[in-house]
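Trainee: Handing you a structure now.
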There are 2 protein chains.
Amino acid sequence: MKEFVVEKAIQDIYPDDFAWCYGCGRLNEDGHHFRTGWQGDKTITIYTPEAKYMGIPGFLYGGLIASLIDCHGSGSAALALHRKNGHEIGDGAIPPRFVTASLNVDFLKPTPQDVALKAIGTIEEIHPKKWKVETEVYAGETLCAKGTVVLVVMPSTFLKKED
Amino acid sequence: MKEFVVEKAIQDIYPDDFAWCYGCGRLNEDGHHFRTGWQGDKTITIYTPEAKYMGIPGFLYGGLIASLIDCHGSGSAALALHRKNGHEIGDGAIPPRFVTASLNVDFLKPTPQDVALKAIGTIEEIHPKKWKVETEVYAGETLCAKGTVVLVVMPSTFLKKED
C-alpha cells in the first residue's frame, strides 16, 4: 500500500509571525516541523522522531507525545475552521490560529522511536471559538497514546506589543 | 530574598540506564535537564527555557510546559516513594522510577520566555504503585499553567531486551 503523505499542511500557510513554534513552526530551525493535513474527514500528522527525543533508550519521552498531540490539535482546529469559513489550503486566504486551553494525554504503551508516528484527529466544534480535537497516536499499527485538546481561537490582541 | 536553588535532585541519582530522558535525563546532551527536589513538603523544578522553545515569539510552546509538568511529576513521585521507603538523596540507595499513565495540563496564561519557571508539586499516593502529582507552573509570580499527572512505578521488565 502506498504510504500516505501530507501534501498540503495548514502550518505551511500560517503567517510568518505565527510560524515559529518549536512543535509546528516551519520557520523554527530547531523544531519538530509537525505538519497537519486532511485525510478524509480526519486530520493527520506524520512524524518520525529524532533519537535525542528519547525517554529511555529506544522509547520516546512523554513530552514529545504531548507536544505532538497539542500541535496536531491546534493544526486540526485551524484546518476545520478554515474549511468552515469556506477556504481550503492554497486559495490564498489566511487561516485562523488557535491556542490550547487544555491538553489531556493517556499514555497507553511505550512508544518506540524507530517507526513513523501518525496522529489521527477527530474534530468537534463545541462553540464558534472553541474546538475539541480527539487524537490517537499510532506507531505502525499500535495505538500508543490518546489525547484530547480543547483550543480557542487566538485573540487578535495576542501578538500586540505593549508600548 | 535569596533565590531558591534545587541542591539535591532525584534525577542526579537515577541509574545511568534511566538518565537519558530529553526532559529530565542528566546524560542527554540535548535535553532540558529538569531537576526536581524537595522544598518543604512540596517538590520543585526550576527551569529557564532556551529561546528556541517558543510557541510564538516571546512565549513558550505548549509542549515544553507539558513536558515540564510530566517530568516534574515523575521526579516528584520518585522523591516521595524514595522517602516513603526510608531513603533520602545521597544515602546511596537507588530511587524508584515512574512512568506516566496520564497527563493533564490547563494553560491559564501565555508563558513568557524571559523568566525562570517554577513547577511546584503536591504529591498524593493513590495506590502503593500509583501516585498523583498536582503541579502549578509559575513564571515569576504569575500562575501560567496547572497540571495533574498520574504515574505508576516502572515495571522491572520495562528495559528488558527481547532476545
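Trainee: Would you check if B:Val153 is surrounded by fewer than 21 Cβ atoms within 10 Å (Cβ to Cβ) and of a type in the set (A, V, I, L, M, F, W, C)?
Mentor: In short, yes.
Trainee: Still on this model: Which of (1) at pLDDT 95 or above; (2) under 20 Å from B:Asn28 (Cα atoms) is the odd one out, the single condition A:Glu50 does not satisfy?
Mentor: So A:Glu50 meets the others, but not (1).
Trainee: Scan B:Val133, B:Val99, B:Val152 and give me the residue that is within 11 Å of another protein chain (Cβ to nearest Cβ), under 12 Å from the mean Cα position of the chain (by Cα) and part of a strand (DSSP E or B).
Mentor: None of the other options fit; the residue is B:Val99.
Trainee: Of all residues being touching a residue at least 24 places away in the same chain (Cβ under 8 Å) and more than 14 Å from the chain's Cα centre (by Cα) in segment B:1-12, which is farthest from B:Thr36 (Cα to Cα)? Just the residue, please.
Mentor: Checking each candidate, the answer is B:Phe4.
Trainee: If A:Asp70 satisfies every condition in (1) within 14 Å of chain B (Cβ to nearest Cβ); (2) part of a strand (DSSP E or B) but one, which is the exception?
Mentor: Here A:Asp70 clears every test but (2).
Trainee: For segment B:107-114, check the following and say yes or no: at least one residue is within 11 Å of another protein chain (Cβ to nearest Cβ), part of a strand (DSSP E or B), in contact (Cβ under 8 Å) with a residue 40 or more places away in the chain and in contact with a Ser or Thr (Cβ under 9 Å, 6 or more places away or on another chain).
Mentor: Yes - at least one qualifying residue is present in segment B:107-114.
Trainee: Does any residue of segment A:15-26 turn out to be within 13 Å of another protein chain (Cβ to nearest Cβ), among the acidic types (Asp, Glu) and at negative phi?
Mentor: Yes: one or more hits.
Trainee: Could you please let me know if B:Ser102 is within 19 Å of B:Cys21 (Cβ to Cβ) and without any contact (Cβ under 8 Å) to a residue 40 or more places away in the chain?
Mentor: Here the answer is no, as B:Ser102 does not meet what is asked.
Trainee: If you take the residues in segment B:1-55 that are acidic (Asp, Glu) and in a loop (DSSP other than H, G, I, E, B), which one is surrounded by the fewest Cβ atoms within 10 Å (Cβ to Cβ)?
Mentor: Among them, the one singled out is B:Glu3.
One line per residue, one yes/no per condition, for (1) of a type in the set (A, V, I, L, M); (2) touching a strand residue (DSSP E or B) at 6+ places or on another chain (Cβ under 9 Å); (3) more than 25 Å from A:Ser67 (Cβ to Cβ):
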{"site": "B:Lys2", "(1), (2), (3)": "no, no, yes"}
{"site": "B:Lys8", "(1), (2), (3)": "no, yes, yes"}
{"site": "B:Asp17", "(1), (2), (3)": "no, no, no"}
{"site": "B:Tyr22", "(1), (2), (3)": "no, yes, no"}
{"site": "B:His33", "(1), (2), (3)": "no, yes, no"}
{"site": "B:Thr48", "(1), (2), (3)": "no, yes, no"}
{"site": "B:Gly62", "(1), (2), (3)": "no, yes, no"}
{"site": "B:Leu68", "(1), (2), (3)": "yes, yes, no"}
{"site": "B:Gly92", "(1), (2), (3)": "no, no, yes"}
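Trainee: Next question. Is there any pair with a first residue in segment A:45-66 that is at positive phi and a second that is not aliphatic (A, V, I, L, M) whose Cβ atoms are under 7 Å apart and which are 6 or more apart or on different chains, and what are they?
Mentor: Correct list of pairs: A:Gly58/A:Pro112; A:Gly58/A:Gln113.
Trainee: With A:Ile89, A:Ile120 as the choices, which residue is under 21 Å from A:Glu50 (Cα atoms) and modelled with pLDDT of 95 or more?
Mentor: Among A:Ile89, A:Ile120, only A:Ile120 is under 21 Å from A:Glu50 (Cα atoms) and modelled with pLDDT of 95 or more.
Trainee: Evaluate the following for B:Gly58: is it under 29 Å from A:Tyr22 (Cβ atoms), in contact with a Phe, Trp or Tyr (Cβ under 8 Å, 6 or more places away or on another chain) and of a type in the set (Gly, Ala, Ser)?
Mentor: For B:Gly58, the condition - under 29 Å from A:Tyr22 (Cβ atoms), in contact with a Phe, Trp or Tyr (Cβ under 8 Å, 6 or more places away or on another chain) and of a type in the set (Gly, Ala, Ser) - is not met.
Trainee: From A:Ala119, A:Ala139, A:Ala80, A:Ala93, which residue is small (Gly, Ala, Ser), open to solvent by less than 30 Å² (accessible area, probe 1.4 Å) and within 14 Å of another protein chain (Cβ to nearest Cβ)?
Mentor: A:Ala119
The values are calculated or read from the model by the stated rules, or taken from the named source; none is laboratory data. All values reported here derive from a predicted model rather than from experimental measurement. Methodologically, a virtual Cβ is constructed for each residue, glycine included, from the backbone with ideal geometry; neighbour enumeration extends over all protein chains shown. To get the accessible areas, we keep the full protein, side chains included, count just its heavy atoms, and leave off ligands, DNA and RNA. Shrake-Rupley method; radii C 1.70, N 1.55, O 1.52, S 1.80 Å.
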